[in-house]
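Just below is one structure, and these are the notes that go with it.
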Amino acid sequence: PESRHSWRAALPALAAAGYRAVAPDQRGYSVGARPDPGDLSNYAFDKLVADAVEIAAAAGYGGKRFHLVGHDWGGQVSWGVASTHPDRLASLTVLSRPHPASFRRALAKEGGDQKHRSRHHRAFLDPETGGLLLADNARRLRDGLFGQGVPAAALDEHLSVLGNPAALEAALAWYRANKGLAADIGTVAVPTLYIWGDVDATVGPDAAYGTAEFVAPSFAMEVLPNVGHFVMDQAPAKATDLILAHLRKHPV
C-alpha cells in the first residue's frame, strides 16, 4: 500500500505535456471515503474497480476514453478496469503488479518463489498486523514494507497517510477482502505498458514476464535495472518518461 504521493513526480510532467492527470487516494485511504474496514464487503474487488470508473466520471470523463495508470494495488484495479471496461480506456500502464492470471500461475508454480515473495499478503490477514506495523514509530512499516530503497522524504509522505491507524486498517482490508490478489481477469485488449523493477522483492520474474501472455494485441514491457517494487519512488524520472511515451503512442 502507498498513497497519492506516489505520483508526485509524474503529475507536473504530465501537466507540462498537456495532459490532465488525477491522482486520488483510493477507497479507505482518506477519511472522506473510508467505509468500515470491519465489513470486508466494502472492499470487494468489484467495488474498487467501480471506484476507478466513477472517479473518471467525476473528473469529467464519464462518456470519454481516458488513459489509466496504476501501481501495485492501483495496478490490480487498473487490470480490472481494462478487463471490464476496455472501451473506456485509450491505454493502460501498470507498474509492478503483473496481470492477475500471471500472478496466480506464478503463485502455484512448483518450485517457484512467488509464494515466498508474497508472504506479506498472508501476514496482512492477521487482525493484529496493523498494530504491529505501527508499533515503535512504525518501524516494521518503514523497514519491512518500504525497505526497498524508498527515499526518506517519500517514506514520510506515505506514512503521513498510512501512519493513521484507521487508514492502515482500511488499506489492509483490501488484502483481507481479496485474498491472494488473484482476481479472475482474462486477456486484456487495451494497449498496455507494463513496468517492472528487476529487484522487486514482491514480484518475481515468472509473474512479471508471464504478463505478456495475457495482453493482446498491443503490449510492451520495460524492465528497470536495480529498481525495486516502488518504481515511482525509486526511478521517478525514468518511469514518467516511459508513461509519457506510451500515452503519446495511443492518443485519445
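A few remarks follow.
- All conditions in (1) under 23 Å from SER160 (Cβ atoms); (2) modelled with pLDDT under 95; (3) part of a helix (DSSP H, G or I) hold for ALA13, with the sole exception of (2).
- Residues within region 142-154 that are on the phi < 0 side of the Ramachandran plot, in contact (Cβ under 8 Å) with a residue 24 or more places away in the chain and either small (Gly, Ala, Ser) or out of contact with any Gly (no Cβ under 6 Å at 6 or more places or on another chain) (or both), tallied: 6
- Restricting attention to region 83-105, the residues being in contact (Cβ under 8 Å) with a residue 60 or more places away in the chain and assigned to a loop (DSSP other than H, G, I, E, B) number 4.
- In region 1-32, the residues that are of a type in the set (A, V, I, L, M, F, W, C) and without any contact (Cβ under 8 Å) to a residue 60 or more places away in the chain: LEU11, ALA15, ALA16, ALA21, VAL22, ALA23
- Every residue from region 217-243 that is buried (at least 17 other Cβ atoms within 10 Å of the Cβ) and among the hydrophobic types (A, V, I, L, M, F, W, C): PHE219, LEU224, VAL227, PHE230, VAL231, MET232, ALA235, ALA239, LEU242, ILE243
- Each residue in region 183-199 was checked for being out of contact with any Phe, Trp or Tyr (no Cβ under 9 Å at 6 or more places or on another chain) and within 17 Å of SER78 (Cβ to Cβ), and 4 pass.
- Positions within region 57-92 being within 19 Å of SER6 (Cα to Cα) and touching a Gly at 6+ places or on another chain (Cβ under 7 Å), in sequence order: VAL77, SER78
- Among the residues of region 120-165, those identified as of a type in the set (Gly, Ala, Ser) and in a loop (DSSP other than H, G, I, E, B) are GLY147, GLY149, GLY163.
- Residue check for MET221: part of a strand (DSSP E or B) and modelled with pLDDT of 95 or more: yes
Yes/no matrix, rows are residues, columns are (1) farther than 23 Å from ALA207 by Cα; (2) under 18 Å from the mean Cα position of the chain (by Cα); (3) crowded, with 22+ Cβ neighbours inside 10 Å; (4) not aliphatic (A, V, I, L, M):
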{"position": "LEU48", "(1), (2), (3), (4)": "no, yes, yes, no"}
{"position": "VAL53", "(1), (2), (3), (4)": "yes, yes, no, no"}
{"position": "ALA59", "(1), (2), (3), (4)": "yes, no, no, no"}
{"position": "VAL81", "(1), (2), (3), (4)": "no, yes, yes, no"}
{"position": "THR93", "(1), (2), (3), (4)": "no, yes, yes, yes"}
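- Subset of region 69-82 [touching a strand residue (DSSP E or B) at 6+ places or on another chain (Cβ under 6 Å) and either touching a residue at least 60 places away in the same chain (Cβ under 8 Å) or assigned to a loop (DSSP other than H, G, I, E, B) (or both)]: VAL69, HIS71, ALA82
- Odd one out for LEU162, checked against (1) crowded, with 22+ Cβ neighbours inside 10 Å; (2) modelled with pLDDT of 95 or more: (2)
The values are calculated or read from the model by the stated rules, or taken from the named source; none is laboratory data. These numbers were taken from a predicted model, which means no experiment stands behind them. Counting neighbours? That spans all protein chains shown, and the Cβs are built from the backbone with ideal geometry, glycine included.
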